[in-house]
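Any read-out appearing in this document is the output of simple, stated calculations on the displayed coordinates, not a laboratory observation. Owing to the predicted nature of the structure, the values given are computational and were not obtained by experimental measurement. When we count neighbours, we look across all protein chains shown, and the Cβ atoms used for this are built from the backbone with ideal geometry, even at glycine.
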Amino acid sequence: MNDAIDFDRYDRIRPIRWTGDALELLDQRKLPFAVEYVRCDDSDAVAAAIHALTVRGAPAIGIAAAWGVVLAAREVEAGSGVDALPAIEPALQRLNAARPTAVNLAWALARMRRVLAGAGSDWREVLAREAQAIADEDLAANRRMGALGAALIEPGSGVLTHCNTGSLATAGFGTALGVIRAGVAQGRIDAVFAGETRPWLQGARLTVWELEQDGIAPTLIADSAASYLMKTGKVRWVIVGADRICANGDTANKIGTYQLAIAARHHGVHFMVAAPSSTVDMDTLTGDAIEIEERDPGELFAVGGTRTAAERVGAWNPVFDVTPHELIDAIVTERGVIERPDEAAMRAAFGG
Ligand code: MRU
């Protein structure tokens, strides 16, 4: 088995482009049938794009928000970072309010706030350098996680993933999808199954399209086929990303992740969470304290713009759930692997 990974072959898409004076976001609402970038010239346009899922995925929305701060800086006259802070803060608050569950958003904004507070007259350049560093570090973390996570997978394995955790959701390569890419490159994974991920269909519209760019042929399944798939013995690992990992290892991720973890435990299938350390939130003690985003119930009434439910029905549309740490076999970050995560193991790895 060759453990080397050809990152150029397995990572071809970039959802976020900084042009030097504007932010371009690959419009994920239109994929896979149109590959179009939306231009954001100010921070409110970035906040709106995050809310609308033009850009999505926990690391990607953190990176986009960081560039949003760089755009907000253009509206402000100040001689130093600390002088600029009060004028920029409202824009930071609006970016932060765009989506509540992924901690990467608040984490990136806190990082931008911190460097701004310490910056001198070159504070605009300092902000731009920090946004670029957040993106660069994310890509490096994903590549490292890919190798660490793949090492847990026995050759000849099938895997199941959920939502989209690839290049589209990050600075590149992906988290769970990075582990899968690395596992395929190393000959450990011979079958990749992707759940559709109702209602927004990140799996059907994004993940299978992204893997096909790499020459990996995934098998799409209905979310409701997951337990039966596990029963057939075709998958050894469920591999997912995360939007927030708490101090005890409880993990928020796309709605449907929790039921996959329950089904995996029942069938003796291993369950891996892959996420950068920027997704770890040691200030949130357990999953019960995580705010779960609820979106427009209208997302449930139609598929591809065609109404599928009768008029005047009600619907409930939480878009994340929390998987208790007891159901997770391994949390993989760029800092290492935590097997059977609990509060003690998380504190040993991340302090706090
Ligand atoms: O609503 P989304 O598409 O932003 O949700 C994304 C997910 O739940 C991902 O699994 C998570 O953000 C990790 S992305 C590397």
Margin query: Cβ-Cβ under 7 Å, sequence separation 6+ or interchain: first residue in the range 223-236 and more than 16 Å from Cys163 (Cβ to Cβ), partner of a type in the set (Gly, Ala, Ser) and assigned to a helix (DSSP H, G or I). Which pairs?
Written below: Ser227/Ala263; Met230/Ala263; Met230/Ala264
Notebook entry, point to check: Would you call Ala64 aliphatic (A, V, I, L, M) and more than 15 Å from the ligand (Cβ to nearest atom)?
Noted result: no
Checklist line | Close pairs from the range 58-69: first touching a residue at least 40 places away in the same chain (Cβ under 8 Å), partner away from the ligand (no atom under 13 Å from the Cβ) and hydroxyl-bearing (Ser, Thr, Tyr), Cβ under 6 Å, at least 6 apart | finding: Gly68/Ser43
Note to self: For the range 217-234, check the following and say yes or no: at least one residue is more than 12 Å from the ligand (Cβ to nearest atom) and on the phi > 0 side of the Ramachandran plot.
What the structure shows: yes
Check: For residues in the range 174-188 being more than 10 Å from the ligand (Cβ to nearest atom) and in contact with a strand residue (DSSP E or B) (Cβ under 8 Å, 6 or more places away or on another chain), which is nearest to Ile216 (Cα to Cα)?
Finding: Val184
Checklist line | From the options Ala204, Ala191, Ala247, residue that is in contact (Cβ under 8 Å) with a residue 12 or more places away in the chain, more than 12 Å from the ligand (Cβ to nearest atom) and in a helix (DSSP H, G or I) | finding: Ala204
Checklist line | Matching residues in the range 297-325 - criterion: being within 12 Å of Met272 (Cα to Cα) and out of contact with any helix residue (DSSP H, G or I) (no Cβ under 6 Å at 6 or more places or on another chain) | finding: His325
Margin query: Six or more apart or on different chains, Cβ atoms under 8 Å: show the pairs whose first residue is in the range 137-160 and free of Cβ contacts under 8 Å to residues at least 60 places away in the same chain and whose second is among the basic types (Lys, Arg) and surrounded by fewer than 18 Cβ atoms within 10 Å (Cβ to Cβ).
Written below: none
